[in-house]
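Below is one structure, written out as structure tokens; comments come after it.
The values are calculated or read from the model by the stated rules, or taken from the named source; none is laboratory data. All values derive from a computational prediction rather than experimental measurement. Here the Cβ is made from the backbone with ideal geometry for all residues, glycine too, and neighbour counts use every protein chain on show.
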């Protein structure tokens, strides 16, 4: 196998919500997700099972917001490692990432981006940012260990 399966596995980012959750499965920060979407919260465990059947998910990076505990209780029975990740400002950053992926067209190009709202929910983009934050935190920890070992 190539890619993350051969090494450490995939990171599944989840943006928890009461009615819906965004998810994004990635191998490395700032790469296109293998899979992403938005599902009703009650359907999240089944969606994770589907993803885990075809990919080795090494960790679930769960956004540490208001509904974290409820969503964590849905994920826990699946037997995957769960790490809580700070999700502050992910909604604003997800909006920016959405417009990078889908630039405004027509008259919307003339409106300052900060005033535009995406035409659909962006929980999947928030989940992508949560997964990337987890990976960035891991990379920082490794760099800190390397620096400490070198001194």
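Observations
- Residue check for residue 44: modelled with pLDDT of 95 or more, touching a strand residue (DSSP E or B) at 6+ places or on another chain (Cβ under 6 Å), under 16 Å from residue 135 (Cβ atoms) and surrounded by 18 or more Cβ atoms within 10 Å (Cβ to Cβ): no
- Residue 62 in contact (Cβ under 8 Å) with a residue 40 or more places away in the chain and in contact with a strand residue (DSSP E or B) (Cβ under 7 Å, 6 or more places away or on another chain): yes
- Evaluation of residue 97 against (1) without any contact (Cβ under 8 Å) to a residue 40 or more places away in the chain; (2) touching a helix residue (DSSP H, G or I) at 6+ places or on another chain (Cβ under 7 Å); (3) more than 14 Å from residue 128 (Cβ to Cβ) (one fails), failing number: (3)
- For region 116-139, the condition holds for at least one residue, the condition being that it is farther than 24 Å from residue 42 by Cβ, at pLDDT below 95 and touching a helix residue (DSSP H, G or I) at 6+ places or on another chain (Cβ under 7 Å).
- Subset of region 53-79 that is farther than 14 Å from residue 127 by Cβ and buried (at least 17 other Cβ atoms within 10 Å of the Cβ) - its residue that is modelled with the highest pLDDT: 74
- Just one of the numbered conditions (1) farther than 23 Å from residue 43 by Cβ; (2) out of contact with any helix residue (DSSP H, G or I) (no Cβ under 7 Å at 6 or more places or on another chain) is not true of residue 53: (1).
- The residue that is farthest from the chain's Cα centre (by Cα), counting only those in region 19-32 that are surrounded by 13 or more Cβ atoms within 10 Å (Cβ to Cβ) and modelled with pLDDT of 95 or more, is 20.
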